[in-house]
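A.B. asks: Sharing a structure below in structure tokens format, with a few things to ask.
The values are calculated or read from the model by the stated rules, or taken from the named source; none is laboratory data. All values reported here derive from a predicted model rather than from experimental measurement. Quick reminder, even Gly has a Cβ in these numbers, built from the backbone with ideal geometry, and neighbours come from all protein chains shown. Side chains included, ligands, DNA and RNA excluded: accessible areas come from the protein's heavy atoms. Shrake-Rupley method; radii C 1.70, N 1.55, O 1.52, S 1.80 Å.
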Amino acid sequence: LRTANLIEGVASAGTAPGILNAHVLPHADLKPGQLYKQVPVYAVSDGGNILVDFGMGIRGMIPSDHLFDQSVESEFRIKVRKTKYAVGARNDVRVLTVDETTKRCLVTAKRSLVKANNDEIMTSYQDAKVGQKAVGFVSKLDDDGLFVTFFNGVYGRVTKRSLAVELGVENHRESYNDG
């Protein structure tokens, strides 16, 4: 846990189950784009957001639109949601953003983002390469195209012209939606 006394050859450690089972100790250990497996659900809010517990009081929030890849609500989806995200249930999540100052962490449980390979995770503009494939989600649509959000506050723009020429999408508003 600590090496402040390392000059004297002593490192502080803990054996409490909460420490040993924690995914992270401080918020600084959380890394955008990082996958965390079997994180327990801590609470379910009235608005549908899910709080997960990384251990040691470090919590992350899964916004309700990040529980499934598609935002279509159905009776089956509601039933699955109640079981899969019940308090105590364990889920794999990937960190979207972390703010150490405010101690806020947003995570996603969208299957396509959770199951992505590490080389498909973009967490900075400097890491972006021409021709690179990266996973993200549609965060905004407008008349000129759409915005894609990746990890760590990295955003991209896809014009409706690019969608038409490269993918044959005639009307991006019919083919895509937020989330």
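A.B. asks: Within straight cross-link reach of Lys133, meaning Cα distance under 29 Å, which lysines are found once same-chain residues fewer than 8 apart are removed?
C.D. replies: Lys31, Lys37, Lys110, Lys115, Lys160
A.B. asks: ³J(HN,Hα) across region 83-98 via Karplus (A = 6.51, B = -1.76, C = 1.60, θ = phi - 60°), whole Hz, x for Gly/Pro?
C.D. replies: Coupling constants for region 83-98: 7, 5, 10, 6, 4, x, 5, 10, 9, 7, 9, 10, 6, 8, 9, 9 Hz.
A.B. asks: Check Val107: other-chain or 5+ apart residues with amide H under 5 Å from its amide H, H built from backbone geometry?
C.D. replies: Met61, Ile62, Leu96
A.B. asks: Same structure again: How would you rank 158-168, 141-151, highest first, on the average number of other Cβ atoms within 10 Å across their residues? Don't skip to the answer; put the middle values down first.
C.D. replies: Numbers: 158-168: 13.2, 141-151: 17.0.
For the peptides 158-168, 141-151, the packing ranking is 141-151, 158-168.
A.B. asks: Additional query: What ranking do 95-104, 127-136 get when scored by the average of other Cβ atoms within 10 Å per residue, highest first? Could the numbers behind the result be given before it?
C.D. replies: Working: 95-104: 15.1, 127-136: 12.1.
Going from most to least packed, we get 95-104, 127-136.
A.B. asks: Counting only protein heavy atoms and a 1.4 Å probe, tell me what percentage of region 36-80's accessible area is made up of carbon and sulfur. It would help to have the intermediate numbers written out before the result.
C.D. replies: Numbers: 1420 of 2580 Å².
Roughly 55 percent, rounded to a whole number.
A.B. asks: Taking 8 Å as the Cα distance limit and 6 or more residues as the minimum spacing, I'd like the relative contact order of region 39-179 as a percentage. Walk me through the numbers on the way to the answer.
C.D. replies: On the way: 236 pairs, mean separation 25.3, N = 141.
Value for region 39-179: 18 percent.
A.B. asks: What is the sum of charges, Lys and Arg at +1 and Asp and Glu at -1, for the other residues whose Cβ falls under 14 Å from the Cβ of Ser139? Show your work: numbers first, answer last.
C.D. replies: Working: positive: Lys110, Lys140, Arg157; negative: Asp65, Asp142, Asp178.
Taking every other residue near Ser139 into account, the sum is 0.
A.B. asks: Once you have a ≥ b ≥ c as the square roots of the Cα gyration tensor eigenvalues for region 42-179, tell me rounded if a/c is under 1.5, and otherwise prolate or oblate according to whether a/b is larger than b/c.
C.D. replies: Details: a/c = 2.28, a/b = 1.44, b/c = 1.59.
Because a/c hits 1.5 or more and a/b fails to exceed b/c, region 42-179 counts as oblate.
A.B. asks: If you don't mind, there's one more thing I want to ask. What does a probe at Asn118 reach in region 88-112, counting residues whose amide N is under 18 Å from the point 7 Å along Cα→Cβ?
C.D. replies: 93-96
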